[in-house]
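Every number here is computed from the coordinates shown, using simple stated rules; none is lab data. None of these values were measured; they are calculated from a predicted model.
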């Protein structure tokens, strides 16, 4: 459930580290997620950014590197998808945020 993307969940995942060959990051399945926003960025749109909203209306970002130009990931706001993703803590532009890292997407 998208509401489980929060700092409490991250604290549990952090305890499972270090991640590597014999201890891969947990992958979560999110079903029937409605896309709030789609953006492609990077060199010619090679990266994909998606935003979802949790039940409180708070933005939950997801990012997929080197998949933005794939026809498989040609998505629109309002569309529903099933998402496989890992949870990660990101440091970008001086901000810390919790986001999903896209593993795979299936259109619902």
Next item on the list: Please say if region 1-45 is rounded, prolate or oblate, where rounded means a/c under 1.5 for a ≥ b ≥ c the square roots of the C-alpha gyration tensor eigenvalues, and otherwise the choice is prolate for a/b larger than b/c and oblate otherwise?
Entry: oblate
Item checked: MRE, 222 nm, helices only [DSSP H, n ≥ 4, -39500 (n - 2.57), over the chain, to nearest 500] -> -2000 deg cm²/dmol
Item checked: From the coordinates shown, Rg and Dmax of the Cα atoms in Å corresponds to which of (i) 13.8, 38; (ii) 19.9, 57; (iii) 15.5, 58 -> (i)
Item checked: Beta bridges per DSSP with both ends in region 6-107, % antiparallel, nearest 5 -> 95
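Hey, what did the chain get for relative contact order, percent, Cα under 8 Å, at least 6 apart?
It rounds to 27 percent for the chain.
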